[in-house]
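Engineer: The structure's right below; bear with me while I get my questions together.
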Amino acid sequence: MFKIKITQNQFFAEIAERQSQVEAVQRLSHDFSALRTLVGESGLQELAISGYKRALGHGLRLQRSVDEYIRYTMYFGHRFSEDPLFLWAGETLRYDTIFDESLRMDVLRIKVDDFRNVAVGADGRLFFGAIRRALGLDYVSLPNFGRSSRTIPELLQKIYPEKWSMLSSASKIGFIELAYKRSAEHVLGAERAASVQCILMFMLGSYYDSDPMFPWARQILEDTSATGEQRGTRLFLAACALGQRFIVTQANHQG
């Protein structure tokens, strides 16, 4: 009898969780209607469910906390709370840092606002400025990527100085190490392709290549029939196309 009761409880808990996921998708679809055009309905659903599960993993249970967390994944990447670019996010969301959920989200909101004010700017002005500088890059002229090379950090600072200035020394070291590791996982070597990977990680989030917002990245990087250089070229062209779309979207919004 006791076992049946537990099974029933698990069954109803699973139904409640699925319903919560459906509601999260509906709210996201309403608030980010333009995003649906970019990733499609299935991509939007994947984003919401992924964000929902990660929010629960941080002990977030209140609807407003979960919704807010999911929104942050739209801005900073679906794994932003694990990203060395945003160490402050992961530290704030830890139980042993701040136990109270509402207080944790209040602190996180303050830190997000600080980041936006310094690195994004009003109406995304600084972010779009970085996109324009990135669009001015020439693939052939990109340096090869090496863990100890100073060229790539200097290039990242040149592309997006506001964001680079927000990174602590630990963030910079952790990010370069992660970029090197993920380039190796994708067998890109220390070539220009790895430099493209690093730049995109910096601009779109360190885990952009598994982010439902950018399905093209996963498709390109997992194409084992292509060489690292070929995939790097395709990544570069796809990123340029995305950058142009961002700029057009900004112009339409301002117009």
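Engineer: Restricting to the stretch 32-71, name every residue that is hydroxyl-bearing (Ser, Thr, Tyr) and either within 18 Å of residue 95 (Cβ to Cβ) or at pLDDT 70 or above (or both).
Structural biologist: Within the stretch 32-71, the first condition is being hydroxyl-bearing (Ser, Thr, Tyr), and the residues that meet it are 33, 37, 42, 50, 52, 65, 69.
Selection gives 42, 50, 52, 65, 69.
Engineer: Further, regarding this structure: So if I check each of 233, 224, which one is outside any helix (DSSP H, G or I) and over 17 Å from the mean Cα position of the chain (by Cα)?
Structural biologist: Working: 233 fails: outside any helix (DSSP H, G or I).
The conditions single out 224.
Engineer: Which one of these does residue 125 not meet: (1) in a helix (DSSP H, G or I); (2) buried (at least 16 other Cβ atoms within 10 Å of the Cβ); (3) not aliphatic (A, V, I, L, M)?
Structural biologist: It fails just one condition, (2).
Engineer: Restricting the search to the stretch 168-221, which residues are charged (D, E, K, R) and part of a helix (DSSP H, G or I)?
Structural biologist: Looking only at the stretch 168-221, we keep the residues that are charged (D, E, K, R), and these are 172, 177, 181-182, 185, 191-192, 209, 211, 218.
Once the filter is applied, which keeps residues that are charged (D, E, K, R) and part of a helix (DSSP H, G or I), the stretch 168-221 yields 172, 177, 181, 182, 185, 192, 209, 218.
Engineer: Here's a follow-up. Could you list, in sequence order, the residues of the stretch 87-112 that are open to solvent by 70 Å² or more (accessible area, probe 1.4 Å) and either hydrophobic (A, V, I, L, M, F, W, C) or assigned to a helix (DSSP H, G or I) (or both)?
Structural biologist: Residues of the stretch 87-112 open to solvent by 70 Å² or more (accessible area, probe 1.4 Å): 91, 94-97, 99-100, 103, 109-111.
Scanning the stretch 87-112 gives 91, 99, 103, 109, 110, 111.
Engineer: If you don't mind, there's one more thing I want to ask. Identify the residue in the stretch 131-160 that is small (Gly, Ala, Ser) and assigned to a loop (DSSP other than H, G, I, E, B) and, among all such residues, is surrounded by the fewest Cβ atoms within 10 Å (Cβ to Cβ). Break it down into steps so the answer makes sense when it comes.
Structural biologist: Kept after step one, since they are small (Gly, Ala, Ser), are these residues of the stretch 131-160: 134, 136, 141, 146, 148-149.
From the residues that got through so far, the ones that are assigned to a loop (DSSP other than H, G, I, E, B) too are 136, 146, 148-149.
Working: 136: 8, 146: 14, 148: 6, 149: 16.
Looking at residues that are small (Gly, Ala, Ser) and assigned to a loop (DSSP other than H, G, I, E, B), I get 148.
Engineer: A further question on this structure: Of the numbered conditions (1) more than 19 Å from residue 71 (Cα to Cα); (2) acidic (Asp, Glu); (3) in contact with a His (Cβ under 9 Å, 6 or more places away or on another chain), residue 211 satisfies every one except a single condition; which is it?
Structural biologist: For residue 211, the exception is condition (1).
Engineer: Select from the stretch 45-65 the residues that are aliphatic (A, V, I, L, M) and either touching a His at 6+ places or on another chain (Cβ under 9 Å) or open to solvent by less than 10 Å² (accessible area, probe 1.4 Å) (or both) and list them in ascending order. Give the steps one after another, and end with the answer.
Structural biologist: Looking only at the stretch 45-65, we keep the residues that are aliphatic (A, V, I, L, M), and these are 47-49, 55-56, 60, 62.
Those that are aliphatic (A, V, I, L, M) and either touching a His at 6+ places or on another chain (Cβ under 9 Å) or open to solvent by less than 10 Å² (accessible area, probe 1.4 Å) (or both): 47, 48, 55, 60.
The values are calculated or read from the model by the stated rules, or taken from the named source; none is laboratory data. Everything numeric here is computed off the predicted structure, so don't read it as measured data. Cβ coordinates were reconstructed from backbone atoms using ideal geometry, including for glycine residues, and neighbour counts include every protein chain displayed. These accessible areas exclude ligands, DNA and RNA; they are computed on the full protein's heavy atoms, side chains included. Shrake-Rupley method; radii C 1.70, N 1.55, O 1.52, S 1.80 Å.
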